[in-house]
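Enquirer: Okay, handing you the structure first.
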Amino acid sequence: MTGSTIGMLIVIVLYLVMMLAIGYRYSKGNKTAGDFYLGGRKLGPFVTAMSAEASDMSSWLLMGLPGLALATGIAEPFWTALGLGVGTYFNWLIVAKKLRRYSYEIDSITVPDFFANRFKSKAIVGIAAVVIVVFFIPYTASGFSACGKLFSSLFGIGYIPAMIISAVVIIAYTSLGGFLAASTTDFVQSIFMSVALIIVVFFGISTVGGLDVVMDNAKSVDWMLSLTSANSGGEVVPYSALTIASTLAWGLGYFGMPHILLRFMAAKDEKQIPTSRRIGTVWVFISMAVAVFIGVIGYSLVQTGSLGEISNFDSERILVYVANILKEHGFFAMIAAGIILSGIFACTMSTADSQLLAASSSVSENIFKDFLGIKISEKATMLTARITVIVIAVIAMVFAADENSSVFRIVSFAWAGFGGAFGPVMLAALFWRRANKQGALWGMIVGGVMVFVWKFVVRTAFAGTILDIYELLPAFILGGVVLVAVSLITPAPEKEITDVFDKVNKA
């Protein structure tokens with residue numbers, strides 16, 4: 001291992017130690033399950049905003065999104081990013097404040113809690129908890145996989161050991177510090193992610209000889225800068241209006257994303273939400289635009305031979321390749337390379353920790369206590385919460401054992417799962433007085449099941465046709481239609497439920 005590699009490793013280790021220190025710091029403040037899973041509703045506006053968006057971005061911001069742009073052109077990542085940006089804004093605008101107020105009024109500390117208390121249904125809490133576990137395990141696995149790819153590429157160790165080491169760090173600070181540790185580390189990690197993006201852009205442009213060279217190389221092929229076509233295995237394929245619409249549908253996923261919705265519920269004061277909305281939305285638009293542009297720069301780096309000879313080239317590792325070049329340009333460049341790699345860890349860890357908490361809360365709080373009715377003490381609840389974090393992480397590590405899995409594709413499936421199952425239910429819970437427990441339950445089931453049906457049956461059978469669209473769009477629409485139809489043909493919600501609804505909406 002060279003001196004520059006050792007120096008870069010020291011930067012990464014210092015970063016990981018800082019994350020563990022934050023976990024230890026907040027471990028002493030967790031006295032109840034509410035503290036562990038929702039931080040006692042103490043998040044300020046900046047931490048609320050940046051922890052929500054950092055936990056949202058995951059490894060696909062610095063690996064999946066640039067890698068997709070490099071491999072296929074900007075069409076899919078551009079429309080995906082646009083949909084996510086718009087979805088981010090409207091989630092903050094119409095959901096955040098009302099969810100904070102409503103969840104406080106009915107004393108809910110998890111998303112399944114909120115659904116169960118809003119609709120007065122024990123069945124809903126069980127189904128919602130299962131949905132969270134089913135879709136968060138592969139989502140978390142994608143983060144572990146990204147970390148494994150990173151360590152393996154850098155230091156020449158096997159993928160499996162590298163992935164396990166990364167996962168252990170995430171498990172440690174999450175199980176120690178709970179929600180406040182995860183939110184605080186997310187805030188710090190958003191800074192690392194931002195700095196990493198900036199360094200890669202400037203170094204990449206400088207390495208290939210300037211912005212003009214980057215753009216000339218991008219324009220040399222028909223697909224790189226096109227918004228209506230993409231590269232697929234060396235062939236240019238059209239990106240139809242329906243495909244664009246289904247890709248924009250990524251934005252619908254925000255309304256059902258538990259780890260983001262929890263940040264709204266944990267805000268210290270609903271009056272801070274507009275400030276958090278501005279901070280979070282601006283950061284999301286800028287960071288995703290830069291990530292897509294890095295894919296364009298990456299194409300130029302490949303074409304000019306600036307990356308050198310790389311066996312088994314993986315477009316999702318473009319930032320790793322850039323860091324490996326940068327580290328050889330002196331002490332400060334080595335530090336910058338360490339920051340880039342820490343940024344990749346940051347975007348991965350910021351999502352994985354939130355997913356672990358959301359999944360463990362679904363098991364320990366919603367399945368054990370709410371659905372099964374198991375009565376345990378507060379101390380036992382905390383122990384169960386921490387053990388559940390570890391168990392779910394271990395299962396995710398098993399899923400992450402495949403080194404060749406695509407970070408972007410795994411995230412897109414899990415994102416569709418939450419958007420289809422929870423999105424229509426969350427909007428109905430907050431804005432439709434007539435929505436009842438039967439409608440919410442069947443809307444959730446149909447939306448979640450449709451993600452699997454469309455992904456593995458419809459898209460497989462009709463690949464390349466008009467039906468080959470992102471599964472979130474049909475799942476969200478059908479789940480919403482079923483929710484409305486079932487609510488209208490079954491009895492209206494009880495007066496107790498509508499009275500609370502009216503109180504929240506008059507506040």
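Only the coordinates and a few stated rules stand behind these numbers; no lab work does. The structure displayed is predicted, hence computed values, not measured ones. Using ideal geometry, Cβ is built from the backbone for each residue, glycine included, and neighbour counts are taken over all protein chains shown.
Enquirer: Can you tell me which of 457-469, 385-397 comes out highest on packing, and rank the rest after it, using the mean Cβ neighbours within 10 Å?
Expert: On the way: 457-469: 12.7, 385-397: 19.8.
Result, highest mean Cβ count within 10 Å first: 385-397, 457-469.
Enquirer: Expressed as a rounded percentage, what relative contact order does the chain have, with Cα pairs under 8 Å and six or more residues apart? Could the numbers behind the result be given before it?
Expert: Working: 929 pairs, mean separation 155.4, N = 507.
Answer for the chain is 31 percent.
Enquirer: Further, regarding this structure: For the chain, with the dipole built from +1 on Lys and Arg beta-carbon atoms and -1 on Asp and Glu ones, taken about the Cα centre, which of Ala218, Tyr321, Ala123 lies farthest toward the positive end?
Expert: Ala123
Enquirer: Give, rounded to the nearest 20 debye, the magnitude of the charge dipole that the chain has about its Cα centre when Lys and Arg contribute +1 at Cβ and Asp and Glu contribute -1 at Cβ. Spell out each step's value before the answer.
Expert: Working: 34 positive and 30 negative charges, 371 e Å.
Roughly 1780 debye for the chain.
Enquirer: Related question: What is the magnitude of the charge dipole of the stretch 182-283 about its Cα centre, with +1 placed on the Cβ of each Lys and Arg, -1 on the Cβ of each Asp and Glu, and no other charges, expressed in debye to the nearest 20? Numbers along the way, then the final one.
Expert: Details: 6 positive and 7 negative charges, 100 e Å.
About 480 debye.
Enquirer: Related question: By Kyte-Doolittle mean hydropathy of at least -1.0 and Cα axial length of at least 20 Å, which whole DSSP H helices of the chain are selected?
Expert: On the way: long enough: 3-27 (36 Å, 1.66); 75-90 (23 Å, 0.69); 122-155 (49 Å, 1.66); 159-208 (44 Å, 1.80); 273-303 (45 Å, 1.33); 331-361 (44 Å, 1.40); 378-399 (32 Å, 1.75); 407-431 (34 Å, 1.61); 437-453 (24 Å, 1.39); 472-489 (26 Å, 2.67).
Sorted by number, the helices that extend far enough and score high enough are 3-27, 75-90, 122-155, 159-208, 273-303, 331-361, 378-399, 407-431, 437-453, 472-489.
Enquirer: Among the GluC sites (Glu not before Pro) within the stretch 427-507, which fall in a DSSP loop and have no more than 16 other Cβ atoms within 10 Å of their own Cβ? Before the final figure, lay out the partial values.
Expert: Numbers: sites: Glu471, Glu494, Glu496; in loops: Glu471, Glu494.
Within the stretch 427-507, the qualifying GluC sites (Glu not before Pro) (loop, at most 16 other Cβ atoms within 10 Å) are Glu494.
Enquirer: Same structure again: Beyond a 18 Å Cα-Cα separation, which of these cross-linked pairs lie in this structure: Lys97/Lys369; Lys97/Lys506; Lys122/Lys375?
Expert: Working: Lys97/Lys369 28 Å; Lys97/Lys506 13 Å; Lys122/Lys375 16 Å.
The answer is Lys97/Lys369.
Enquirer: Could you give the size of the charge dipole of the stretch 376-507 about its Cα centre, using +1 on the Cβ of each K and R and -1 on the Cβ of each D and E, expressed in debye and rounded to the nearest 20? Could you put the intermediate results ahead of the total?
Expert: On the way: 11 positive and 9 negative charges, 56 e Å.
Roughly 260 debye, rounded to the nearest 20.
Enquirer: Considering only His259, Phe456, Ala289, whose Cα is most displaced toward the positive end of the charge dipole of the chain, charges sitting on Cβ of Lys, Arg (+1) and Asp, Glu (-1)?
Expert: The residue sitting farthest along the positive end of the dipole is His259.
Enquirer: Let me ask another. Using the basic label-point model (7 angstrom from Cα toward the beta carbon), what is the Trp432 to Thr275 distance in nanometres?
Expert: 3.6
Enquirer: At a Förster radius of 51 Å, what calculated FRET efficiency corresponds to the Cβ-Cβ distance of Thr465 and Phe332, to the nearest 0.05?
Expert: On the way: r = 53 Å, r/R0 = 1.04.
Calculated value: 0.45.
Enquirer: Ok, one more. Name the long-range amide H neighbours of Ala230: under 5 Å, sequence gap of 5 or more, or other chain; modelled H, no Pro or chain starts.
Expert: Val237, Tyr239
Enquirer: Averaging over all projection directions, find the projected area of the Cα convex hull of the chain and quote it in nm² with one decimal place. Walk me through the intermediate numbers first.
Expert: Working: hull surface 89.4 nm².
Directional mean of the projected Cα hull area for the chain stands at 22.4 nm².
Enquirer: Still on this structure, please answer the following. With unit charges on the beta carbons (Lys and Arg positive, Asp and Glu negative) and the dipole taken about the Cα centre of the chain, which residue among Gly298, Ser206, Gly148 sits farthest to the positive side?
Expert: Gly148
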